[in-house]
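Below: the structure, in structure tokens.
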Amino acid sequence: MDRRSFIKKAGLAGAGAAAASTLAAPAIAQGGKELVIVSTWPRDFPGLGTSAQRLAASITELSEGRLNTQYFAAGERVGAFDVFDEVASGNSQAYIGADYYWVGKHPSFAYFTSVPFGMTTPEWNAWLKFGGGMDLWDELSGSFGLKAVPCGSTGTQAGGWFNKEINSPDDLKGLKMRIPGLGGTVLSKLGASTVSLPGGQIYENLVSGAIEATEWVGPWNDYFMKFYEAAKYYYTGGMHEPGGGLAFGMNASWWGSLTDWEKAVVTAACHKEHADSHEEAMANNGAYLKKLVNEHGVQIRAFSDDVWDAFGDASAEVFEETRQHSPLAAKIDDAFQASLRDIGGFMSKFEVTFTNQRNRVLGL
Ligand code: CA
């Protein structure tokens, strides 16, 4: 879909949905418990938005209507970055988004999306479900009156889009880049000027020159964003989001009011979408990377070891500062880093050893 018509359509759909929901709400509420979901993604946003809409429909379907979802894309009820307060206050029951958008509330939210030099999606899933990570997420979210469940994953994200080549750490100095979370803090330490813009506002800022570089997700998601119109250099796997995980963040009191069966339905729907979204991205990324190169002349690049080393040094400083925030921040970092070395160390010896050798032999 052409991006401009998509934006126009999203705007119209937004207005229509808001009006319709106002009229239809009493009728919908009669059928089951009200579950108003507010999202950080624009309506029909390819990849992340479509995944969130699929999750909302899935909760209604799996609960046989006993949980009636009303889904509001970014800007239809509240702005993308207002969903946290909207749900914590109880105005809406749940948000869908990336929890690292809330590092201003508490820096440890970053660990529940992705952090620099952190876990890939399989590693993160293992930590959350069987390595104690979920208990820490509950403790952190609970302190803000929220309860989160993982509900989407992008896999390893691209290093980003740049309007010039990044050949050394010096090339990052003064660079105006959109990059949220602790990855943004790392880039700031290396002299970049970073911002955290919602997905729906990146393109216009890149085209206008307000920013010179941006990260988003990976080839499949990024293809539809048309960043190549302003930035031709696309960097392979970056340090900042090795496994971007998304959150279904619920008002904790509302979550507590659900029956065990309703909680199981919500959790099952979220876990299914968590797996589906990752598999969907994995299935599409390779083909869309080729399309970016062949259809739009995108230049693929990889960061040099010098740049990676600079990222590593800056990341170590960022983690040290994050730990200073509070005892909970130190506890989460301790647990995360220990599990990363345990789970990631094993992955390195087995899965990574195999894939490196397979790719060498097959010439991938
Ligand atoms: Ca990203």
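The values are calculated or read from the model by the stated rules, or taken from the named source; none is laboratory data. No experiment lies behind these values; they were computed from the predicted model shown. So basically every Cβ, Gly included, is an ideal-geometry build from the backbone, and we count neighbours across all protein chains shown. Accessible surface is based on the protein model in full, side chains and every heavy atom, while ligands, DNA and RNA are left aside. Shrake-Rupley method; radii C 1.70, N 1.55, O 1.52, S 1.80 Å.
In percent, what relative contact order does the chain have, based on Cα pairs under 8 Å that are 6 or more apart in sequence?
Value for the chain: 22 percent.
Applying 1/(1 + (r/R0)^6) with R0 = 56 Å to the Cβ-Cβ distance of ALA338 and HIS296, what FRET efficiency is obtained, to the nearest 0.05?
On the way: r = 43 Å, r/R0 = 0.76.
Efficiency at R0 = 56 Å is approximately 0.85.
Loop by DSSP (not H, G, I, E, B), at most 15 other beta-carbon atoms within 10 Å: where is the longest site-free stretch of the chain for GluC sites (Glu not before Pro)?
Numbers: sites that count: GLU64, GLU165.
By the stated rule (loop sites, at most 15 other Cβ atoms within 10 Å), 166-364.
Hey, any idea what % of the chain's accessible area is carbon plus sulfur with a 1.4 Å probe? Numbers along the way, then the final one.
Working: 8370 of 15270 Å².
Of all accessible area on the chain, carbon and sulfur atoms account for 55 percent.
Roughly how many Å² is the accessible area per residue of segment 33-136, as a whole number, for a 1.4 Å probe? The partial results should precede the final answer.
Working: 3320 Å² over 104 residues.
That works out to 32 Å² for each residue.
Residue separation times 0.36 nm, minus the C-alpha to C-alpha distance between PHE130 and ALA210: what's the value?
Working: separation 80, 0.36 × 80 = 28.80 nm, distance 4.31 nm.
Answer, rounded to one decimal: 24.5 nm.
Using a simple spin-label model with points 7 Å from Cα along the Cα→Cβ vector, what separation in nm is obtained for THR50 and GLU229?
With each label point 7 Å from Cα toward Cβ, the separation is 2.0 nm.
Just for the chain, what percent of DSSP beta bridges are antiparallel, to the closest 5? All intermediate terms of the calculation are to be shown ahead of the outcome.
Details: 17 of 34 bridges.
Bridges in the chain are about 50 percent antiparallel.
Averaging sequence separations of C-alpha pairs under 8 Å and six or more residues apart, then dividing by the length of segment 189-339, give the relative contact order as a whole percent.
Values: 73 pairs, mean separation 48.6, N = 151.
Normalised by residue count, the contact order of segment 189-339 is 32 percent.
Is there a quick way to get the dipole size of the chain? I mean about its Cα centre, with the Cβ of Lys and Arg at +1 and of Asp and Glu at -1; what is the value in debye to the nearest 20? Walk me through the intermediate numbers first.
Details: 30 positive and 41 negative charges, 160 e Å.
Magnitude of the dipole: close to 760 debye.
Describe numerically, in nm with one decimal, the distance between label points set 7 Å from Cα along Cα→Cβ at SER304 and at GLU61.
Here the modelled spin labels are 5.0 nm apart.
Among ASN251, ALA231, ASN221, whose Cα sits farthest toward the positive end of the charge dipole of segment 210-262 (+1 at Cβ of Lys/Arg, -1 at Cβ of Asp/Glu, about the Cα centre)?
Toward the positive end, the furthest listed residue is ALA231.
Note the full-extension length gain between LYS105 and LEU328 as 0.36 nm times their separation in residues minus their Cα-Cα distance, in nm to one decimal.
Numbers: separation 223, 0.36 × 223 = 80.28 nm, distance 1.33 nm.
79.0 nm is the gain from fully extending LYS105 to LEU328.
At a Förster radius of 41 Å, what calculated FRET efficiency corresponds to the Cβ-Cβ distance of ASN359 and THR267, to the nearest 0.05?
Given R0 = 41 Å and the Cβ-Cβ separation, E is 0.70.
Express the relative contact order of segment 72-134 as a whole percentage, based on alpha carbon pairs under 8 Å and six or more residues apart in sequence.
That works out to 16 percent.
Heavy-atom accessible area of MET347 with all protein chains present, probe 1.4 Å, nearest 10 Å²?
30 Å²
Using only the alpha carbons of the chain, determine the length spanned along each of the three principal axes and report them from longest to shortest in whole angstroms.
Principal-axis extents of the Cα atoms in the chain, largest first: 60, 46, 41 Å.
Please name which of THR267, SER196, LEU206 has its Cα lying farthest along the dipole of the chain towards the positive end, using unit charges on Cβ (Lys, Arg +1; Asp, Glu -1) and the Cα centre as origin.
With unit charges placed on the Cβ atoms, the residue in question is LEU206.
Can you tell me the FRET efficiency between SER257 and ASP85 if r is taken as the Cβ-Cβ distance and R0 is 22 Å, rounded to the nearest 0.05? Before the final figure, lay out each step's value.
Numbers: r = 20 Å, r/R0 = 0.92.
Efficiency for this residue pair is about 0.60.
Leaving ligands and nucleic acids out of the surface, order SER253, SER51, SER196, SER326 by accessible area at 1.4 Å, largest first. It would help to have the intermediate numbers written out before the result.
Numbers: SER253 95, SER51 5, SER196 55, SER326 25 Å².
So, going from the largest accessible area down, we get SER253, SER196, SER326, SER51.
Where the centroid of each part is defined by its Cα atoms, how far is segment 188-262 from segment 29-80 in Å?
20 Å
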